[in-house]
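Every number here is computed from the coordinates shown, using simple stated rules; none is lab data. Since the structure is predicted, the reported quantities are computational estimates derived from the model, not experimental observations. Methodologically, a virtual Cβ is constructed for each residue, glycine included, from the backbone with ideal geometry; neighbour enumeration extends over all protein chains shown.
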Amino acid sequence: MALSADPEAALLKRIYAIPIMETLQIKVLSIAEGFCETRLPRKLDYDGVFESFHGGLLMTLADTTACYAILTQAGADAKLTTTDMNIRFLAPCLTDAIARARVIKLGRTLCPVAVDIFDTDENRVAVAQVSYFLMND
């Protein structure tokens, strides 16, 4: 389900105020309730030892996109932090990376999120699961 204009605008304002968005030039492609899709451009400066996208940056992309998926349900002003994450690399990423995050369950305090990362040819290059702690006041 799409977000209404006001919550979406508030969410995008918060997202684009986060410094890493500009530093890595991450773009939000789409957001809906419990879902976010982002794109991280590949730069040779981001390559790892095997001349493909560095795994640590793909992990950063998964973590970032998972956070935004949660914010679509918890609200743009929600306070949250990553508790743990894991990632499985399936193939080298030689293009921009596209992450699609889906909230598995918005719990009272814990929220697990599934993230798939693709190259621009729609080859799945990694799968991740990220858990967040919601810091309720």
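In the range 14-52, which residues are assigned to a helix (DSSP H, G or I) and under 16 Å from the mean Cα position of the chain (by Cα)?
Selection gives ARG14, ILE15, TYR16, ALA17, PRO19, ILE20, MET21, GLU22, THR23, LEU24.
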Answer from ALA114, ALA99, ALA91 - the residue that is of a type in the set (A, V, I, L, M), over 25 Å from LEU11 (Cβ atoms) and touching a Lys or Arg at 6+ places or on another chain (Cβ under 9 Å): ALA91
VAL28 vs. criteria β-branched (Val, Ile, Thr) and buried (at least 16 other Cβ atoms within 10 Å of the Cβ): yes
Counted residues, the range 52-82 - those being over 15 Å from VAL115 (Cα atoms) and free of Cβ contacts under 8 Å to residues at least 40 places away in the same chain: 1
